[in-house]
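Step one of this worksheet: look at the structure below.
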Amino acid sequence: MHDDAPAWAVLSDMDGTLLDTERTWLLVIERFVIERTRRPEPATCEPSDIVAAAEGLDLGAAARLLHTRLSLTESIGDVAAELDRRSLDAYAHDVSWRPGAELLLRTLSAAEVPVALVTSSPRHWVDRFAQVVDLSSLRVRVTADDATRLKPAPDPYLQAAAALGLPARRCVALEDSFVGATAAVDAGCATVVVGGSALAVPPGAHPVRSMLDLDVQMLRDLVLHATSPPAAS
């Protein structure tokens, strides 16, 4: 750890965690699937199954999923470009905070707890969102353009922690998907999964109903518990 590093930090996912953009992204996927499965013959896949499989995936992974599951003739790159265009159009009208997210960021900033963004969205999406909501309190932004391997690999979380001068074990991660939470847990972060018991939670992660259930003391305690040596027997 660097001499001037903070004692601990928060590493937060964006879509579905800080911002209510995951719902918009999945609607884009759903509409794409419905359009491409409007054929005379019986459908070989249910749109809802593909949408569920796309949750937590980055743009490229989602394009590969659709290319395979829908047996598309265009290239994966073309599918990704189409999803990108549709998503940006949708986000132009629908970007807002998740309940409690803006307040939590303000509280963490007031407590001088650094926060890094760790997202599988491309940087130009983050830049677009920053025109609508204030992301200036985020000291570090790790996007799909910044990491070699994306979630569920731990690399983005390790990269964000290192950028703050901390080991991942001194950080608490906020996630809303199994894919993202797996990345955070594997990186060694104390991990909170926002969204309630309906979501699958990897071993070691802590489920909460919403960001409204979180505060600075709770997050600090999770880091302290994760880094405390085991009690002597």
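The values are calculated or read from the model by the stated rules, or taken from the named source; none is laboratory data. Since the structure is predicted, the reported quantities are computational estimates derived from the model, not experimental observations. Every residue, glycine among them, receives a Cβ derived from its backbone with ideal geometry; neighbour counts consider all protein chains shown. Keep in mind that these areas ignore ligands, DNA and RNA; they rest on the heavy atoms of the full protein, side chains included. Shrake-Rupley method; radii C 1.70, N 1.55, O 1.52, S 1.80 Å.
Cβ-Cβ distances below 6 Å connect the following pairs, each with a first residue in region 70-84 that is more than 21 Å from ARG38 (Cβ to Cβ), a second residue that is assigned to a helix (DSSP H, G or I), and a separation of six or more residues or different chains: ILE76/ALA63; ILE76/ARG64; ILE76/HIS67; ALA80/LEU59; ALA80/GLY60; ALA80/ALA63.
Taking the conditions (1) modelled with pLDDT of 95 or more; (2) within 15 Å of ASP13 (Cβ to Cβ) in turn, ALA147 satisfies each one other than (1). Residues in region 129-150 that are open to solvent by 80 Å² or more (accessible area, probe 1.4 Å) and either part of a strand (DSSP E or B) or under 24 Å from ARG86 (Cβ atoms) (or both): 4 in all. In this structure, LEU108 does not satisfy being in a helix (DSSP H, G or I), closer than 30 Å to ALA9 by Cβ, open to solvent by 30 Å² or more (accessible area, probe 1.4 Å) and in contact with a helix residue (DSSP H, G or I) (Cβ under 9 Å, 6 or more places away or on another chain). Out of VAL28, VAL95, VAL51, VAL79, one residue alone is assigned to a loop (DSSP other than H, G, I, E, B) and in contact with a Leu (Cβ under 7 Å, 6 or more places away or on another chain). It is VAL95. Scanning region 21-48 for residues that are of a type in the set (Val, Ile, Thr), at pLDDT 90 or above and surrounded by fewer than 17 Cβ atoms within 10 Å (Cβ to Cβ) yields a total of 1. Before we move on, is VAL113 buried (at least 17 other Cβ atoms within 10 Å of the Cβ), at pLDDT below 95, out of contact with any Gly (no Cβ under 7 Å at 6 or more places or on another chain) and in a loop (DSSP other than H, G, I, E, B)? Spelling it out, it is not the case that VAL113 is buried (at least 17 other Cβ atoms within 10 Å of the Cβ), at pLDDT below 95, out of contact with any Gly (no Cβ under 7 Å at 6 or more places or on another chain) and in a loop (DSSP other than H, G, I, E, B).
Restricting ALA163, ALA226 to those that are farther than 16 Å from SER120 by Cα, at pLDDT 95 or above and of a type outside the set (S, T, N, Q) reduces the list to ALA163. Does ALA144 satisfy being touching a residue at least 24 places away in the same chain (Cβ under 8 Å) and in contact with a strand residue (DSSP E or B) (Cβ under 8 Å, 6 or more places away or on another chain)? Here the answer is no, as ALA144 does not meet what is asked. For region 196-221, a residue qualifies if it is surrounded by fewer than 22 Cβ atoms within 10 Å (Cβ to Cβ) and closer than 18 Å to THR21 by Cβ, and the qualifying residues are LEU199, SER210.
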